[in-house]
Amino acid sequence: MQHAISHYCQKCRAANPLGQEYCLRCGTRLMLVVQPPSVRVDVPSTTPHEDYLLERMTMLENTLARLAERLEQGLKLLLRQSETAYTNHALVKSLIEILNECGVVDNSRLESMWRAECEKLNEKTTESSPGTPQPKKARKAKRKASTSS
């Protein structure tokens, strides 16, 4: 533990830290305000190893800040996508209701056809191995094949 170097008041003999102009106890102007030679030498506050660690921590903090910004942007995109999906769903539902009221579309038949298409889609996704993602080219080829048939 390092002891603080101090000098003493000429009136009340109280210890005062170096550089203090007035006594902390009695307020007398201190006669001797000096700094020892060891304090005058400019000693670096950090070692090269500490500098390296500080630099690394700064880089990590910057990386985390950029990651947080990207996550925030991703969240905004997801929220916008969900709003768009909800709006599209409401639009399709409204169109189906209007077409059903006009007698153009049979609601029960449309729903059964939609469920059949969903089941086909589920069968196609379960046929591919569930744990391994497919390459983009393979997925595009499957999509093209399913849309062309």
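General remarks:
- In the full protein context, the stretch 88-128 carries 90 Å² of accessible surface per residue, based on a 1.4 Å probe and ignoring ligands, DNA and RNA.
- The Cβ shell under 13 Å around C12 holds other residues with a net charge of +4, Lys and Arg each +1, Asp and Glu each -1.
- L24 sits among other residues whose Cβ lies under 15 Å from its own Cβ, and their net charge, with Lys and Arg +1 and Asp and Glu -1, is +3.
- Once the Cβ-Cβ distance of N88 and R66 is raised to the sixth power relative to R0 = 30 Å, the FRET efficiency obtained is 0.40.
- For T28, residues with placed amide H under 5 Å, excluding near neighbours: C23
- Couplings 3J(HN,Hα) for the stretch 21-26, derived from phi with the Karplus relation 6.51 cos²θ - 1.76 cosθ + 1.60 (θ = phi - 60°), are 8, 10, 5, 6, 8, 10 Hz, where x marks Gly and Pro.
The values are calculated or read from the model by the stated rules, or taken from the named source; none is laboratory data. From a predicted model like this one, the values you see are computed outputs, not experimental measurements. Ideal geometry is used to build each Cβ from the backbone, glycine not excepted, and the neighbour counts take in all protein chains shown. Just the protein is used for accessible areas: all its heavy atoms, side chains included, with ligands, DNA and RNA removed. Shrake-Rupley method; radii C 1.70, N 1.55, O 1.52, S 1.80 Å.
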